[in-house]
Amino acid sequence: MRTRRIFAGSLAALGLSLAGCDGSVEWPGFETPEQDTAQAGASETGAEETPIAETRIGEPAIDETIIGETGPTVPSVPHADTPPADGPQPDVPASEPDEPEQTGEPDEETEAAGDGLTDNEGTAPTETTPETGELPAGTPTEPSVEIPKEPSAGTPTEPSAETPKEPPANAPAETSDDTPETQRDETPVSSEPAEPQPSPPIAEPEPSIPPAPAPPVFSYHAPGALLPGSGTGSPDRTVYAPDMVFPILNARAYPQSMVWRFGGGIGGGDECDARNYAYPWQDNFCEKRSRRNGTPSCPLERVHLGQDIRVGDAAGCNAMRREYRNNARGITRYRVVAAEDGVISNIGRYTVTLRSGPRIYRYLHMNMRALQVSLGDTISAGQHIGYVSKDFGGTPTTFHLHFEIKVNTPDGGWEFVPPYTSLVESYARREEGPGEEIPVTVGVASDGPPIPEGFVITE
């Protein structure tokens, strides 16, 4: 394509140089008979000149205007296969075989050819002798510089017949029967199944290590393990109030016996002894009493029907004792709260009863002159109802809270049940840590002597 465009540009330049004022064109090879004779005489061979067969170039006229340029337009040359009307047929040099038409944007060489210019600007095409194709003697020749063309994007290229086309890297290898015997794979195919390869061992997941249990924040003896000589307790581990709030707001609490501990009247000592304010806890439900009180949960008839709870520490106990002597109404050191939502159903001389659905809670020995509730009040769990004291009617007891739980029975009655396990669970929730149960041991010495004859325990 590029050769044809260069040839067309050369013809355009030649036409411009030969055109006369009257528009006639003198074509080389169509001179007058005189000139033709002179040229025949000057020929070195003297051979008769044979006209070259006409070669028709079927390419349409080329628009010689460069896209994007302004300026005068070079007039186009009449088509090569249309001779002048009045002149003889021109002698057209032999053309090269047509090249496949290229598509895409013109490159720099193509744009230069469109201007009617060649690499040797202004040089007319060189003629060759008709018979031999050789240049006439004395004609200067210039070496032909072949500029390789880069195919534009999207232009199909023809593969060379001499250079084999390499297959893509990922193309499967082709097999041919022409493969030499020495290059073929002669590996014999075994009819036996391949021996199974052992699968890699599967790594077993490491066993998860459970988190370490939280350290205990308090300790307690088992339910029913009473102080020796104080009675026979109930081993019942049922939590009868699983959602209850511990009855002391936030002070340390130590459930234990008030009668068989120091200052309780049996073993002597002082109620504010520091040994009374230490763990572990000890159950005293079903403890022996002088007054007849019975419940199916206890093996004896005259028993203690609740759990006694010391509160605070020895220093607090001594402070309350001083305050009690001066103003019993002013003992407001340790707060008592409601175990569940309910209604205050009864207030006695030293008792406050809270009715909460299928359960009844009784609080004894609070400061009855400083109660925070009245009969018939509807209260919520954790609500402040009073203060720890030692009110016991006319005769004071030790500083503690007596706490009881009753449950409704199938026959419609009410029965006292052990509150010890419910206290353990609720205290652990309040302290946000578990309790540690002390194993039961045999032959533990009693902290005090048994009840002497004639000694009356009214609680």
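Every read-out reported here was derived from the displayed coordinates using simple, explicitly stated rules and does not represent laboratory data. Fair warning: this is a prediction, and the values are worked out from it, not measured in the lab. As a convention, Cβ positions derive from the backbone with ideal geometry for all residues, glycine included, and neighbour counts pool all protein chains shown.
The stretch between Arg430 and Ala214 holds 76.3 nm of extra length on full extension. This uses 0.36 nm per residue minus the Cα-Cα distance. The GluC sites (Glu not before Pro) of the stretch 284-377 meeting both criteria, a DSSP state outside H, G, I, E and B (loop) and at most 12 other C-beta atoms within 10 angstrom of the site's C-beta, are Glu301. Measuring spread by the Cα atoms of the stretch 218-438 yields a radius of gyration and Dmax of 16.3, 49 Å. Normalised by 2.2 N^0.38 Å, with N the number of residues, the alpha-carbon radius of gyration of the stretch 295-340 equals 1.67. Annotation for Ile202 and Leu249: the two label points, set 7 Å from Cα along the Cα-Cβ direction, are 6.0 nm apart. Remark on Tyr240: its backbone amide H falls under 5 Å from those of Ser422, a criterion applied only to residues 5 or more positions apart or on other chains, H modelled at 1.01 Å from N. When the alpha-carbon atoms of the stretch 249-322 are used, the pair Rg, Dmax equals 13.6, 41 angstrom. A crude spin-label estimate for the pair Asn318 and Asn408, with each label 7 Å from Cα along the Cβ direction, gives 4.9 nm. Between Ala274 and Ile438, the contour length at 0.36 nm per residue exceeds the alpha carbon distance by 57.0 nm. Using 0.36 nm per residue and subtracting the Cα-Cα separation, the extra length available between Arg237 and Arg349 on full extension is 37.1 nm.
Which of rounded, prolate, oblate describes the stretch 234-279, given a ≥ b ≥ c as roots of the alpha-carbon gyration tensor eigenvalues and a/c under 1.5 marking rounded, otherwise prolate only if a/b is larger than b/c?
Oblate.
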